[in-house]
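One structure below.
Read the figures in this text as sums done on the coordinates, not as results from a lab. The shown structure was predicted, so the numbers you read here are calculated from the model rather than taken from an experiment. For neighbour counting, all protein chains shown are included, and Cβ atoms are generated from backbone atoms with ideal geometry for every residue, glycine included.
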Amino acid sequence: MPSPAASNTKTTIRARVKEFGVPPIHDGLVVGKRAPIGCAALRQCLKLLAPSAFEHIEIEDDVISDILVRHQILKRIPQETLIAFVVERIKPLMGDEEILHLDLEAEVILEEERR
Amino acid sequence: MTVHGMAGAVSSRVSRVFTDDRPGDLGQESLGSEAYAVFERGIPPDTDRFLGLVPNRMSSRHPTRIFADLLDKPAPPAISEDTALEDVLKIMDARNLDALSVIDRDTQSFLGAVTRTSLLSALLKRQGDLVRESRFLKVVAERESRRLDAAARQNQEWYRSARDLLKTLGRQEGSERDFLEEGLHALARMLDARYGAIGVLDEAGKMVQFLHSGLTEEEAARIGKLPEGRGLLGLVIKENRSIRLEDLTQHPESHGFPPNHPPMKSLLAVPIAHRGEAFGRIYLSEKRSGEPFTEDDQALAHGFSGAVALELAQRRELDRRRKTEIDLGSKTVQLEAIAAALTTFLRTQQCAEACAMLLSAARDHLASPDAVIAVRQEDSAMRLLLRSPAPLTSPDGPGAASPASPELGEVLDDRERRLCSLLRRVLLDARPVIVNQPTAETAGGPPREDSARISRFLGVPFFQEGRAIGVVAVMNRSDEYTEGDANGVQIFVDAVGMLYDGELRRARESCLETDLRQAQKMDAVGKLAGGIAHDFNNLLTVILGYGQMALNRLESTDPASEDMQEVVKSAVRASDLTRRLLTFSRRQDAKPTLLDLNAVIANMDGMLRLLMDKDIKICVTGAPNLWPVKADLPQLEQAILNVCLNARDAMPNGGIIRLQTENIVLTPEYASPETGAPPGRYVLLSIADNGVGMPPEILERIFEPFFTTKEPGRGTGLGLSTTYGSLRQSGGHIRVSSEIGKGTTFRLYFPRAEADVGERTQGSTRTKADHGTETVLIVEDDQEIRKIARAVLEPRGYKVMEAPDGESAMRILQESTGPIDLLLIDVIMPGLSGTDLAKTAAKLRPSTKIMLMSGYPGDALFQPGELPSEIRFLQKPFTIEGLARMARETLDAIGTTPPSEEV
C-alpha cells in the first residue's frame, strides 16, 4: 500500500455518527462455525457489556456452532423451537465465518378459558 | 518436567498459553510450537488450571480466536506418563488428534504433551536404540555363543568323563585295581590333569598299592621306585586333608622329585576316606591348560574321592562279608564234621575212629590227597597214629622203638622217613610248618619227580598243657598251602588234640590202675616168694651141707655116692631157684655201682651174639653222652641177658633184636601211663624183637615167678621175674608192649645216677687184660651155662671146648693131643663130680689150670683147706667181667694162687 504522503490522492471524510446502544446486542447472536471470534470470547464480551444474562446453546452443525440468546427470550420461546428456527430460517442466510445479530420479536398469545 | 514413561516422547515444542490468549498475538517464542497447552488463570497464579491442548493446526487456522475457543469439544482424553507409545499412537489415530496431554494420574496436573511429531521421534529413537541394542546384543550373543560352544565342548568332555566315572563307580564286577585305574583316568581327564595317581592304604595305614596315569610304563620304569611317603605326599597321608597348590616346588614340605621324574608344578591332593577310615589318597598334577587347579576342581576331586571311598568301603565290606560267609560255611562244615566225630566217639568210645573222621574232614577241607596224625611218644619218637585215606596197618610207625615198629631204612620207605622228619620239625617248632617248595627234607635229596616225593606239606601241632604232643598234617595238594589253611584246619587239630588228650588221660588212669593192681600182685607174690625162699634157703643150706659131708664120706664106688650127688645137685639147683626168688622179692644182696649202660651192653655184645641162633641179628644203638646209672652189675647183666634170651625164644624163625639206649626225661603226662615210673631223668634201654609177640593175657603175667609159656623143662619161669626184681631193686622200671605177629619191646628205665666224688663209672673197660689165646675146656651139665661161658671167653680170643659131664671131660683130657690150658668145671654134676674131675685132671695134666664154679657158695661146698690153693672157685651167677678176669688170673698164676674168692 502506497504512503499517503507520497501519492496525490484526495481524501474525503464522511462520518455517520450514531449512539452506541448498550447493550449492543438485543436478543442474541448466531455464531458461524468458522467465525473469527469464538463463542467463549463472545460470552466474555457479553458478560462485560450487557447486564442481562445470555444463554449459550451449542449446535452440532456444519455452519453454526453456537447460539447466544438472552435468558428472558427462552422464557417465552422454548429452546428447541429457537434452535429449529435458527437452523431452518437463519442458517440459509449466513456463512460459517459470520456472526449474526438476532433481534427477535416474539409474540405470545395467551388464551385462557376460565370457568 | 520429567516424564518417565513417555521415554522422551513428550514434545519440547509445546507452548503454555491462557484461555484469552490469541494465537495471532503470541510472540516469537511461540513460533514453531506444535501445540499449545491452554490454562485458565488461577488466583494465586500458581493455581492455573490446565484445560486442554490446541494443536498448531487449529491455532494457525483461527489466529484471531482466543485459545478458549480453540479447545476441542469434548476435550480429548489425557494420557499418563506410563502409557505405552504404541497406545498413544493408537489414540491419536483413532481420534485424529495431533497432540495428547500427559497428566499426573494422582494430581491431575499437566506434565507435558505428546505430539504426533514428538511421538514419532520418540518411536524412531526407540527403534534406533533397539537397533543399536540389537547390534550390541548380537555382538554379545556371538561372543557368548563362542563361549558356550567351548563350554559345550568342555561339557561334552565332562559328560563323557563323568559317564566313564559313573560307569566305573557303578561297576560291581572287576578287580579293585581295575576300578581305581579306570576311575583315576576318568578323573584326570575331567580335570584336564596331565598326571594322576592313587595311593591305596591297608588297614594299618601302609601304602599297599600305587596306581598312576599320565606316565608311560617306560617313564615309570625309569623313575623306578614308588613314592616313599616323604615330602608333600607324606603330608597328605599324615594329615588326611586336601591340598591345592599352584606351585608345589615352593612348598616348604616339598622334597623335590627323584631322577627321571617329569617336572610338576600344580598339585591337587585329596584323601580317600569314609567314616573316619582312610583308604588312600588321590593326587592330580599339571593341568594341560597350564592353569592351577580351582576350587571347583578340588570339589570335584573331593566328590570323586568320596565316591571311591564309599566304593572301596563297600568292596572291602563285601570282601569281609564274603570271607565271613565262606568262613561261616566252612566253619559249619567243620563243626558238622567235628560233631559227627564226637558223636561217634561218644557212641563207640573209640578215639581212633573219631580221629580218623576228623583227619578225613581236615584232608577234604584242604583238598589234599594225603593226611596223617602223628603223636610224640615218651621217648620222643614219632608214632603215626592214623593216615588218610589208607589207615596204617600198624599203630606204630617210623621211629617208634616198639617191636611193631619197622626198621628204619628197611621197611619204611623214603617217603615215610621224610614225613617223619617233617613231623618232628612241627613238634620241635611247636607251630604250623608249611613247606611248598620241594627241599631235601621233602624230596629226600635233590628235587625229583617220583612217588616218594612229598610235594607240599602243612603240619599243625596239637598241645597238651602247653607241650606239643602231636601233629595233624596234610600233604601233596596241587596248590600251595598258606597260613590261612593252617588256621582253617586248626579246629580239626584242636578236636584231635582234645580227643587224644582224653585218650591219654584215660590210658594214664587205666595204666595207673593196672600198675597198682600189678604192683599189689607182684608185691604179694614177692613177699610170699621171698618168705618161702628165705626159709627154703636155710633148709637147703642144711641139706646141702650134710649132703656134701655125706658125699665126702662115701667112696666114689659106693652105690649111694651117685644118689647123694643127685641130692646135692638138686639142693644146689633149689638154692639157685631160691636165690632168684630172693632177687625177685628184692631181698638179694646187691652191690650197686656206677655203670655206663653202653659199656655194659658193649661188654655183653659178643656173648649175646654167640647166644643167639645164626639167623638172629643183634643191632645195638648206643646214645652218645649217656647218663650213668647205678645198679648191681651181675644183676643188670642177668636182667639184660634174660630179656635177650626171651627175645631169642620169641623168634624161632630168626629176626632182629635191637638194643637201643638213650637219655629221656619223663614228664608227668608220660611218666606213669607209659612207664609206671615217676617223672624224672632216666636212661632207657629198649630191647625189641620182631618175633611172635604175646597176647595181652600173657603179657600181664610175664613177670610172675614161675610163669612160663615154654614147654616143661625148658624154662624155670624166673628169668623175667628176676629181671623185674633187679630193675625194681635198682630203682628202675620195666615196661613191655607186644603185638601178636609183630614183636615185643621191653623198655628198661634206669634212674639217672649222679656220680659221687671219686666214684668211677664201671662197665666201660673192656681191655686186652682179660683176653687170651689159650684153650679152655668148659665142663658143665647145663647147656645154657656152657653157652654163656663160651660167649664170654671166645670173643676174648680163647679157644673153647665143651663137655656136658665129667666123663666126657675125662675123655677129652685123655684123648686130646692139643694143649688144654684151663679147665672150667661145675662142682655139682651128675656122674663124675666136679671136685673129682679136678683132682683127676690135676694128675693127668699137671700144667692145666683149674677153675671150679657153682651156684652154691664155696664155703658151703668145701671145708676150709679142702680146695687146693691153685684151684680157684667162681660163684655163679658170674659176671662176664668176673669170668674173664678170673680165667685170666688163673692162667697167669705161677704156683701160688690167691685164696678162692667169690666173684
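For the protein assembly as shown, the Cβ-based charge dipole about the Cα centre amounts to some 1460 debye (Lys, Arg positive; Asp, Glu negative; other atoms uncharged). Per-residue Karplus couplings for the range B:415-422, computed as 6.51 cos²θ - 1.76 cosθ + 1.60 with θ equal to phi - 60°, are listed in order as 4, 5, 5, 5, 4, 4, 5, 5 Hz, Gly and Pro entered as x. Inter-label distance, A:Ile90 to B:Arg153: 9.1 nm, where each label sits 7 Å from its Cα along the C-beta direction.
Can you sort B:Thr216, B:Thr661 so the residue with the fewest Cβ neighbours within 10 Å comes first? Intermediate results must be reported in sequence, preceding the final value.
Details: B:Thr216 8, B:Thr661 23.
The order, fewest Cβ neighbours first, is B:Thr216, B:Thr661.
The stretch between B:Asn552 and B:Ser847 holds 103.6 nm of extra length on full extension. This uses 0.36 nm per residue minus the Cα-Cα distance. Among the trypsin sites (Lys or Arg not before Pro) in the range B:600-701, those placed in a DSSP loop whose Cβ has at most 11 other Cβ atoms within 10 Å are B:Lys614.
How far is helix A:39-49 tilted, in degrees, relative to the longest principal axis of the Cα atoms in chain A, given as a value from 0 to 90 rounded to the nearest 10? So the helix axis and the longest Cα principal axis differ by about 90 degrees.
The residues B:Val208, B:Val426, when put in order of fewest to most other Cβ atoms within 10 Å, stand as B:Val208, B:Val426.
Here each label is just a point 7 Å from Cα along the line to Cβ, and for B:Asp129 and B:Gln209 those points are 6.6 nm apart. When chain A is treated as a GNM, springs tying every alpha-carbon pair under 10 Å, which of A:Glu97, A:Glu19, A:Glu55 comes out with the largest mean-square fluctuation? Result for chain A, Cα springs under 10 Å: A:Glu19 fluctuates most.
One Cα centroid belongs to the range B:634-656, the other to the range B:175-206; the line between them spans 80 Å.
How high is the FRET efficiency between B:Thr294 and B:Leu137 when r is their beta carbon distance and R₀ equals 30 Å, given to the nearest 0.05? Once the sixth-power term is evaluated, E becomes 0.50.
Please list, by residue number, every one of the trypsin sites (Lys or Arg not before Pro) in the range A:20-69 that is coil in DSSP and has at most 16 other beta-carbon atoms within 10 Å. Show your work: numbers first, answer last.
Values: sites: A:Lys33, A:Arg34, A:Arg43, A:Lys47; in loops: A:Lys33, A:Arg34.
Answer by residue number: A:Lys33, A:Arg34.
Annotation: lysines with alpha-carbon distance below 21 angstrom to B:Lys138 (same-chain offsets under eight excluded): B:Lys125. For a 22 Å ceiling on Cα separation, which of these pairs sit above it: B:Lys591/B:Lys849; B:Lys167/B:Lys225; B:Lys710/B:Lys799; B:Lys614/B:Lys787? Over 22 Å Cα-Cα: B:Lys591/B:Lys849; B:Lys167/B:Lys225; B:Lys710/B:Lys799. Between B:Ala367 and B:Arg811, the modelled label-to-label distance comes to 8.2 nm, taking each label 7 Å out from Cα in the direction of the beta carbon.
Comparing B:Phe257, B:Ser305, B:Met612 along the charge dipole axis of the protein assembly as shown, the residue lying farthest to the positive side is B:Phe257, per the Cβ-charge model.
Between B:Cys619 and B:Thr332, take the C-beta separation as r, use R0 = 51 Å, and let me know the FRET efficiency to the nearest 0.05. Calculated transfer efficiency: 0.50.
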